[in-house]
Structures are given as C-alpha cells and as structure tokens.
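Heads up: the structure comes next, in structure tokens.
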Amino acid sequence: MSLGLLRRIGFLWGVVCCLAAAMANPTLVPPGNVSGVWIPANSPYVIKHGNITVPNGSSLFILAGVQVIFEGHYKFIVNGHLRAVGSPTDSVVFTGVDHDALIGWKGLRLIGSDSTQFDYCVFENGNAILGSSTDSTGGVVLVSGSGSRVVFNHCSFRNNYAGGNGGALFVSNGTAAECYDCYFSGNSTNQDGGAAFVHNSALSRFERCEFFNNRSGKEAGAIHSRFGSPVYWDCYFHHNVSHNSGGAVMASGQASFRRCVFERNASEISQGGALYFYDYRTTATLDSCIIQDNQTLLRDGGGAYCWEAAPRFTDCQFLRNRSSDDGGAVHCYRPGSNAVFTRCLFEGNHAADTGGGIIISNESLASLTDCVLRNNRSEIHGGGGIYIRLQSQPVFTNCIIENNSTAGYGGGVGSLESVPRFINCTIRGNTCDSLGGGIGAVSTEFEMTGCDISENHAHLNGGGLSMTLATPIITQCKIQNNVADSSGGGLHVVEALPTFTNCLLTGNTAAVQAGAGSYRMSHPTFVHCTIADNFSPVGNVFVVQDSPGEIINSIVATSDEAYGNGAPPPGIGILNGGSAWEIRKSLFSRIGMVPFVGAFQPGFGELVTTDENGTECDGYGNLFVAPRFVGSGIEPYALASTGLVSPALNTAPPFTVNDDLSGVARPQPTGSLPDIGCFEANQVLDESIIAGELSGTIQSGLHRIFGDIVVPHGSTLAIESGADLEFMGPYAILVFGELYVNGSPGDSVRMYSENAGNLLGWRGIRFGGTESSGSVISYFSASNAMAWSIDSSGGAFGFFDGASPTISNSHVSNCSSESGGAGLVFSGHPRFSSCTFTHCNASSGGAFRVGAGAGLDLTSSSLKFCTAVTGGAIAAEQGELELIDVRCISNSATDGGAIYLRNSELVLSYVRLDSNSATNNGGAVYSSNSVLQGDSLNARRNTAASGGVLYCANGTRGELSELTCKDNYATTAGGVMNSQGGTLALRSGLFDHNESNQRGGAFCLIGDSSSVVRGTLVRNSSPEGAAVYLENAHALISSCQITDNGAAVHFKSSSASRIEYSNFVRNAANFSYYQNNSGNGPANIGVINSSNILEYPCDSYFNVFVNPQYLNFVGGNYTIDENSACMDAGNPDTGCDSDLTFPEIGALHTPHSVNPWLPEELRAMPADSNSVRLTWKRSKAVRLCSVNELNFILEALNDQDEWLPIYSTTDTTCVLSIPELETFEQLRVRSSVQP
C-alpha cells in the first residue's frame, strides 16, 4: 500500500461546488418516499421540509455529478435499494448546510437495505444528535437491520458528528459495511469511534482506507471495532485522538488488521496511544502492521494497550511510540491479557516510568517469539526494553533485546514479583543507572535456557544480571563481557537462590569488586559451568557475604589468552566472607595473585589424592591445574582433546547433566565419564568451525557455522561437493565477490540449520552487487533457512544491487521469510534451472518475491507445497518473470495460489499449474494491471473463491495460447478465469469440466474486453453461464466449440459483446439472460437467419448449431472429424490453418486427408509465335484462407519416369517456350503451402 496514494485519495472528492452557485436551479424533494433516477441536470436535490425514504421494494439511482443537500436536520432512510455512482472526476455529494448544533442533517439510515452501493461519493456535515438512540449514532451513515449490506468504493466521510457512537459511520449487529479506498477525515463523536463504530459484524471490510484527524469524546479516535470479525487491510490511521483509550482503534472480538499503519495517534487521559484491545475473548490479529510515533499524554501503552485481551501480532513494527506512564510501545494488563507477538520489532520507544518497549503486568501470560527489542528507553523505575510485574508469566523465545536503557533497574529487562521464561534469547548492549544492565529481577522466579547475556552495563551493580529475592534457574546460558561500575560485573545476587547449569561466565568486569559475581545473603549453585577471565580489583571471580553456595563439576580459571605468560592476575580470586561453600569435582587455575581468601571447606586445596585420570586433586576431587582450553575459534573455552589434552576430560561423575552448553550429549564418547566445565571436548573433533570473511575452498565434510560468512569484493569462495554446512544460529552467507557451489549429481552441497525451531534457522545466501553475478551454484540443497521481517531478504536467497547469479540442479525446502520464502529478488535477475522448491512460506511469495525493476527466470523447475498470503509460489510487484517448463503444484495463498502479479510481466511456456488454491482470488494466478504472454499452459484442479485458474483485474492484458484447463473450480465466479477490466486474449484452449458455484463455469468476464478464440468449452457447469458469464462486457468469443455444458452463455448488460463463428449444441441452454431480458445480450443471437461460407445454416454472427462429430467425446478427444460441419467454419480473420484452409471451430486442428488445393483443368494455348501459355484453376476455392501463401509447381516427367519441378508460381498461369515444351512428354501442376 502506498501511503502517499492514500493521502491523495482526498482530491477525488474535494471538488464540491459552491452551494450558492449550485442552488441556482435546485430540485426540491418533498418529504416521503423517493425512487427512480436522480441526474446531474436536475442537481442539486434539496431536502428542506422533512425526512425522505427509499421504501422496501423500491430503488433509487443517483448519477455522477449530483449533489444532495439537506437544509434541515432531516434523515435519508433507505429500506430498499440505493445506488449512487460517482466518478473519479465527478462525485456524488451528500451534504448539509452546516453541522452545528441542531442544523446539519441526520445522515443516511440504511435499515434492512441489501446491495446498496456508493461509488465516488462524499458524505459530509452529518449530525446525529437527539431523537432515538439510533439517531444519535452514525453521524452520516447508520447501517442497521438484520442482513443489511452496504458497499462504499472511493468515498469520503468528512466533518461529521455523532452524539453517540460512530462519528461518521455506525455498523450495527448482524450487518456489514464494506469500504474500499475510502477516506475518513475530521469526524468526531461524543462517545466512541470518532470515524466509525463497527458492532458485532462478521462481514464488514475496510481495505485501503485512510483515517485522518478524527476524534472521540471517549474511546477510539478512529474506529471502535466491537466483537465480530471485521477486516481492516492496508489501512492508514494517522493523527487521530481519543479523549480516553485507543487513539486510533479500540477493538475486541476477532478483528483482522493486515498491513495497516498507525501513526501519530494519541490518547489524552487514558491508555493506548494507537490501539486498545479489551475483553478476555478477544483474539484480534495484526499482521505486518506498523505502529509508530503514537503517544499517550497521561497514562500507559504508547502504541497499544491490551486489557484482558489476547491479540496476535505477527511481523509488526512498534517504532518511536511514547508513554507518559508505563509501556512505551505496549502494555499487557490483567489476567487474560495473553497477547502473542511473533517476529515483531520494538525500536526507539520511550516510557516515562517502566517498560520502554513493553510492560507485561498483573498476571498476564503474554508471549514474544522471534522478536527484536532495540533502543528503547524507560525512566524512573526500570525495564528499558521490557518490564514484567505482579504475577505475570510471559515467555520469550528467540528474542533479541539490545541497546535498551533505563534510569532505574533492568536495562534490558526489569521484573518484579513475576515468573518469566527466556528461551534462546540474546540480551546485549543494554544499560541501566541502577541494578542489572541486562536483567534486573526483584522477587522473581524466572527461567533462562540457551540465552546470551553480553556487553550490558550497570552504572551501579550487576552488569549482566541483578537478582534480589529471586529464585532463577539458568541453563545453557552465556554471561559474558558485562560491566558494572561498582559490584558484580556478571552477577549481583542479594537474598536469592539462583542455579546455574552448563553456563559460561567470561569477560565480565567490575570497577570495585566481584568481576564474575557478588553474593549477599544468598545461596547460588553452579553445576558444569565455566567461569573464566573475569576481573575486578577485589574478587576477580566472586565476593561472597553471608552466602553458602556450591560449585560442582565446574571450571574457574584465567586463560593464557586473557592474561598471558602463566602469571595470575593481580588481586584476590574468590573472597568469601561467610560460610564455606561446597566445592567438588571442579578445576581452579590462576584466578588471582591471592586465589582464595576467607572461609572454605576443611582440606580444600590440599592435594592428597588423584582423580580418574591420575591428576593430583584434593579430597573433594578438585583440580588446581591449567584447564587447557582450545583458546581460539568460535568457542575458545572448549577443552583441548588432541595433543596436550585438558585435565578436565572424563573426570566428572556419570549422568550429572545430560547435555552441555551447545546441546551436545554427555558424555563424549559414549561410555566415558563426562568432562567438567560447560563444554564436552569431543563436540568439534570431526568437523571444522567456520565464520567471518572467507576465500579459497571449503572441502567436503561437516562444517559448523558460528557466524556470518562473508565473501568480500574481489574474492572467490568455492564449496566442493560433499560439504555439509550446519548453521548453529541465525547466520548468513554474504556474497560480494563470487561464490561457486560445486556439488555433483551424487554428492550435493548441503546447507541447513541445526534446529530450525530453536535457532531461528539460518538466514540464507545473500548476493550483493553485480560482481556477485558471476556466482554459480549447482547441485545444492538448502533447508530450514529463515529471514526475519526486519532483514528484508528471502529465506534461502536474497539478490540485491543488480546481483544475477546462476543456480541449477538445486533443492530448497522448508524456508521462510516475510518476502520470498525461498528467495527475494530485490534488484537483479537471477536464473534458476532444474531446481525444486518445496514447503517454503512467506507473507508475499511463498517461494519467490520479485521486486520493482527486478526479474526472475525459472527453467525446468518445480514449486510445490509453498504457502503465502499473496502468491503461494511466486509474487511479483513491477517485476519480470519468465517460466519455461515449470511446474507449480499444490501451492496455496489468500490471493494467487501459485503466482501473484501486480504491475508485472509474465512470460510462460510449457507451464503446468496443478492443484493450487487461493482462499480469495486466483487459484493459480492473480494478476492486476499486468501483462501475460506465453503458450502451452496446462492448468488442472486449481481452486479459488474467484478465478479457479486466473483472476485478472485492473487492465491485465496480453495473449496466452495452446491452453488446457480441466477440473478447475471457483466457489463464486470463473472456474477457469474471472477477469474484470482486462483485455487478455486466449487462443486455442481446451476448457473441460470446470465449475463455479455461482457464475461462469469456465469464464466470468465483468466490465471486460478479453477474448477467447478457437476454444473448446465442454462439460463446464455453473448456475449462471455454465461456460461463459458476461456482465457489462465487451468480450469476444470466436470460433469456439461450446457444447455439452449447462446453460452455456449468460448475458447481463453485455449486448456489446460478440459471440461469433462458434458452435453450440447439447447445452442445457445455449444462451440465458439477466431477468430473462434478451436485451442484455447481442440482438438475435441464436436465431437462424443466414448461412455461412460453407452454406450451413447460422445466425447473424455465423454461429452454427450442429453435432461437432468429436472423434472420442467419452474419452476426452475433442478433435472433430474431417467431415464435421465445423471443419473450416471458423472466423477467417483469426488466421489460417497450416494447410491454408479456414480455421476449424474449436481448439484442435484436424488436417485434411487429401490436398484441398489440387489444381484443375490444365490447358495450353499460344502465347505468341515462340511460346505457349499454360493455365489452370483452383479447386474448392470456397475454403481458401490465404491466396497469397499458396504455391503452384509445374512438373515434367523425364525418361526415367520421375516428375521434376521446372517452374514455381503463386499465380494460376505460366509461359513456356515452344522448344522447351517440346522436350517434355508430360506435364502436371500440383499445389503446396509456401514454406
């Protein structure tokens, strides 16, 4: 959706003439019933003495240019049918002279009205006050009465007011309003819904609408969507204000918001600067929405507020929202407020108190998955990115919480009296002025698994985590490179009972004391942890006050790499000012110049025995030797297992912990004892670890990827057959030079993620720049690749800045992205051949998305089981596609089950579209304002609500030939094609056994000028137009077999369509008409009143009504017999057959068994004294299609009885000299088609 376009919609209706001038010749409308047609010549129509009504059973049509002016506070009641049809340059205007106090007008009251429609209309100065309760709702339009349905296209609602709900529009229970490309501006209400109030409506839709500068006296500055399941897609809400909650929208029920933008809306005294959701039954959905620059002026939830509601946010962005209290972007509040956020971005939001990004409070069970919270800020209490409080139990999975800040505690996350869970999250670069740079937790029971807490900063204590009165369980986490300006670089623990298992604490620093952690009146436990290279002036590792604890099967050390030359760092290692800890089966090395000060268990550090490997240890099995880390690579704290091996190998008790930090099973190898520390040593024995800038060659074998691989400009990277690249996190291959993937037929190159569910998938190969166009990929397999919505790339491939590499013989599966599940072509023109793409998904383009100015070639490839909202397999926006020998099978989408085109070009040849489906339009292909060209298209078993194979709109054009479309289905219109406003030409097509439940078993053409030439339409079915449905159409159906269908062709306002040179037989009816009025179709069609060129009876349009004599109708062979009356009976203007006869009727060519052009009556006569003129004539000239292309050949018989050509001409005469003629014994003339 173009926001600029939405902003410009207003001009369509901003041309209301000066009322004083327009009143020169008004039509005064008396109170009471109205019907008929209101025309511009009688405009304006003035209502000044009372209410007017379109009664039940009556219709009123209002044409473009008409003004309807209310000079008193009267209403326009519609119980029947109203149709107001303006144009882009000449609106229909409904207005009152003023909307102050008791003036204005009471608006349209659409009560029990069905099929009422308004196109390009203006509704202004409505004033719904006083009177009954219904008269105080819907400032200018009220939709009421069970079953009422109203459609608004390109309409403007402005400067209306309601004393009750719905400043411009009120949609009541059980009714539906559909608004497309509408504009709501300057409307207001004393209660809810400054622009609209939609009450318990299941069928209301708002698409591409703009809501600007609307205001409510209570809730919902723009729309109050109360219960039901209305749809709001591609809408723009900006600068709306509510006095209470929901600056733009208040919603409950199952409302759907998709690709909407909420910008600069505000709540004055309550919650939800843009959005407010309420009611425990609410499961509204928001997909790909942007919520930015909204604010609450007094309370909380700058972007959105969820009160006991559970909306679902997917691929949404919350940007720069501000709250004057809690929750800069979102506040989830009270039991039942179980909002779900998936792949959402929270960036640059601000809260005056807690939760710069989001606050989750009062027993909420909200969840965030694959989300990013970045650069948010809170003041006063804490939670720069997230704040959790008061028995809430949120779950965070695969989230990144980075660079947030707070003046309180918890730079990334603040938690009070709650039970959060963190799974595979990254918390980094956050800062706080108090406690807990990464996380600050008070009275909190939280769990963390697989998380990375790094590079956070506390200006007081707890650079990584601060916990008070907490009982956290922390497993397989990294706490590294955090900083505290006072105490506890990694951890600050007060009156808490934390348990750390398989964790790595490294690189943490504190300016005063306790580099790794400080403990006061607590009881920490460390099992299979590695605590290394932490530093502080006092207590490089721990400072302990009145805190018992345990260190079991762990390593506490300083490595050579961090503090070299074998000397320990200065200061104390562990300072224990309380009771002795239980320390067993652990390793200590060089933790300080004075390693241990304070209370320790008796005999600790006294080497009195040896462990299982013969290394000296104390009586508790503790070692005091160098750990021998590998020291380099992606995991430098892994244990050396070759050469001089680590003494920590195979020395822990069996079955203490099943897996290590990386998820590798303990012990390695099976049957041995586990290693101590957080890593099992054997995890990297038989594989390489790769990350960073690379060139050269990656050989066969397993390679684990622990970071982005970059192929820089001027470099080449080759990956040889048999190489397996296992991505251990959300990493990508970035190609700026050239990449060669050299798989082979029996030994491909594979790229995949370790676990797509846990690690977000890897992030594909991304080509940037024309230099990367030299890349070649062959015999390659990619699976589980995933791009986040904020990446703007495809799942397995991304092509940028003109990148156009070549990919062949490759397989891509289970990949996903916001745009292009397998690949996004943002700029460039890649070429794929002999590839398969399966089970990929995206919002746009399940397999591929092609952007503006970009292109994609697919050859000998297949796309199967892919899904999307638009374009189950492929979506293109202003792009170019070429598909040759491609199969699209079992793909699905909302629009365009296989292919979605908007302003694009598609060339296809030998393409198979099979079993694709769309819930809305275009079971196989959706096309808007696009060009389709190609041949040899086979479409079978595709389904959609509209257009089983093709849905064409907004000027789709081009030509498709040699089509086979069988067994396709549409629930509403066009089993094969539904085309509106297009000029697509279809030639030589077989359309067999297609079906639509409502209209157009094969074709539904509405307002359309498409053509079907030389088609065979058989055994299609639909209640209206079993073969073809025509409405307001200028279509051409020429030289077609239309047989064995239901009522074959249905006409509605389509007398300008032309049905010619076709054959109709064995249909339930050949022609049917809207309201049984034959004036809806061409005059006298089907009336036998003439004969065609072959002298068979026909109607005025050369249509015949004969048995076509199919060769095998039951077996599906619809070729006609040579003796059929349809032979050579098609329109000669549509082209000749290959033998220069007129075309047959139908799609399939029947050759003549004998030459129809044998010349006759060869004669000779003198031309002059020395030459003879030969003449002949054509036979059966009535069937000749193109005289100029028929060639005559004069042949002579030689003495070896061979006929030899001696002369060629397109004429029916030639001249030979007498001497030349005397050399021949016999002459003959034959004909042939010119090459």
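On the given criteria, is ALA496 among the aliphatic types (A, V, I, L, M), crowded, with 21+ Cβ neighbours inside 10 Å and in contact (Cβ under 8 Å) with a residue 60 or more places away in the chain?
no
Name, by its number, the condition in (1) surrounded by fewer than 19 Cβ atoms within 10 Å (Cβ to Cβ); (2) at negative phi; (3) at pLDDT below 90 that does not hold for ARG666.
(1)
Among the strands (runs of 3 or more DSSP E) confined wholly to the range 773-844, which include 3 or more residues that are farther than 27 Å from SER715 by Cβ?
Passing ranges, in order: 816-819, 836-838, 841-844.
Can you run down the residue pairs with Cβ atoms below 6 Å, 6 or more apart or on separate chains, where the first is in the range 458-486 and on the phi < 0 side of the Ramachandran plot and the partner is among the small types (Gly, Ala, Ser) and surrounded by fewer than 24 Cβ atoms within 10 Å (Cβ to Cβ)?
LEU460/SER434; LEU460/SER486; ASN461/SER486; GLN480/SER454; GLN480/GLY507; ASP485/ALA511
Looking at (1) part of a loop (DSSP other than H, G, I, E, B); (2) at positive phi; (3) not basic (Lys, Arg), which is the only condition GLY221 fails?
The one condition GLY221 does not meet is (2).
What strands (runs of 3 or more DSSP E) completely inside the range 482-590 contain at least 3 residues that are at pLDDT below 95?
In the range 482-590, the matching strands (runs of 3 or more DSSP E) lie at 572-576.
Across the range 285-298, which residue is surrounded by the fewest Cβ atoms within 10 Å (Cβ to Cβ) among those that are touching a residue at least 40 places away in the same chain (Cβ under 8 Å) and part of a loop (DSSP other than H, G, I, E, B)?
SER288
Go through the range 891-936 and report how many residues are of a type in the set (Ser, Thr, Tyr), part of a strand (DSSP E or B) and buried (at least 24 other Cβ atoms within 10 Å of the Cβ).
Qualifying residue count, the range 891-936: 3.
Among the residues of the range 320-348, how many are in contact with a strand residue (DSSP E or B) (Cβ under 6 Å, 6 or more places away or on another chain), under 14 Å from GLY384 (Cα atoms) and polar (S, T, N, Q)?
Summing the residues that are in contact with a strand residue (DSSP E or B) (Cβ under 6 Å, 6 or more places away or on another chain), under 14 Å from GLY384 (Cα atoms) and polar (S, T, N, Q) in the range 320-348 gives 1.
On the basis of being assigned by TED's automatic domain parsing to the domain that holds GLY126 and more than 20 Å from TYR305 (Cβ to Cβ), does PHE206 make the cut?
yes
Among residues belonging to the range 1089-1114 that are among the aliphatic types (A, V, I, L, M) and either assigned to a strand (DSSP E or B) or in contact with an Asp or Glu (Cβ under 6 Å, 6 or more places away or on another chain) (or both), point out the one that is farthest from GLY1130 (Cα to Cα).
Of everything passing the filter in the range 1089-1114, LEU1111 is farthest from GLY1130 (Cα to Cα).
When the residues of the range 937-949 are narrowed to those that are assigned to a strand (DSSP E or B) and in contact with a Leu (Cβ under 8 Å, 6 or more places away or on another chain), which ends up farthest from ASN916 (Cα to Cα)?
Only one residue fits best here, namely LEU937.
Can you tell me which of (1) assigned by TED's automatic domain parsing to the domain that holds SER144; (2) more than 20 Å from PHE341 (Cα to Cα) is the one TRP233 doesn't meet?
Unmet for TRP233, out of (1) assigned by TED's automatic domain parsing to the domain that holds SER144; (2) more than 20 Å from PHE341 (Cα to Cα): (2).
For the range 1017-1058, give me the residue count where each residue is polar (S, T, N, Q), under 36 Å from the mean Cα position of the chain (by Cα) and part of a loop (DSSP other than H, G, I, E, B).
Residues that pass the stated criteria total 3.
Looking at ASP747, ASP791, which one is more than 15 Å from ILE705 (Cα to Cα), at pLDDT below 95 and out of contact with any Gly (no Cβ under 7 Å at 6 or more places or on another chain)?
Selected residue: ASP791, the only one of ASP747, ASP791 that is more than 15 Å from ILE705 (Cα to Cα), at pLDDT below 95 and out of contact with any Gly (no Cβ under 7 Å at 6 or more places or on another chain).
Going by the conditions given, is LEU319 farther than 20 Å from ILE269 by Cβ, touching a residue at least 12 places away in the same chain (Cβ under 8 Å) and either touching a helix residue (DSSP H, G or I) at 6+ places or on another chain (Cβ under 8 Å) or surrounded by 24 or more Cβ atoms within 10 Å (Cβ to Cβ) (or both)?
Answer is no for this residue.
Okay, residues lined up against (1) under 18 Å from GLY32 (Cβ atoms); (2) at pLDDT 95 or above; (3) not acidic (Asp, Glu):
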position	(1), (2), (3)
ASN51	yes, yes, yes
GLY57	yes, no, yes
GLY72	yes, no, yes
SER115	no, no, yes
GLY131	no, no, yes
VAL141	no, yes, yes
ASN153	no, yes, yes
ASN160	no, yes, yes
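Could you look through the range 108-123, keep only residues that are in a strand (DSSP E or B) and either in contact (Cβ under 8 Å) with a residue 40 or more places away in the chain or basic (Lys, Arg) (or both), and pick out the one that is surrounded by the most Cβ atoms within 10 Å (Cβ to Cβ)?
Per the criteria, the residue is PHE123.
Search the range 269-280 for residues that are farther than 13 Å from SER216 by Cα and in the same structural domain as ALA251 (by TED's automatic domain parsing) and pair each with any residue that is of a type in the set (Lys, Arg) and crowded, with 23+ Cβ neighbours inside 10 Å when their beta-carbon atoms are under 9 Å apart and the residues are at least 6 apart or on different chains.
That search, which allows pairs on different chains as well, returns ASP279/ARG226.
Is it the case, given these coordinates, that ALA511 is at negative phi and either buried (at least 24 other Cβ atoms within 10 Å of the Cβ) or aromatic (Phe, Trp, Tyr) (or both)?
So ALA511 fails the test.
If ASP315 passes every condition in (1) over 24 Å from the mean Cα position of the chain (by Cα); (2) on the phi > 0 side of the Ramachandran plot but one, which one does it miss?
Tallying (1) over 24 Å from the mean Cα position of the chain (by Cα); (2) on the phi > 0 side of the Ramachandran plot, ASP315 fails exactly one: (1).
Quick check on the range 584-606: of everything there that is surrounded by fewer than 18 Cβ atoms within 10 Å (Cβ to Cβ) and β-branched (Val, Ile, Thr), which residue is nearest to ALA626 (Cα to Cα)?
Of everything passing the filter in the range 584-606, VAL594 is nearest to ALA626 (Cα to Cα).
The values are calculated or read from the model by the stated rules, or taken from the named source; none is laboratory data. Here the structure is a predicted model, which means the values were calculated and not measured. Note that each Cβ is placed from the backbone with ideal geometry, even for glycine, and that neighbours are counted across all protein chains shown.
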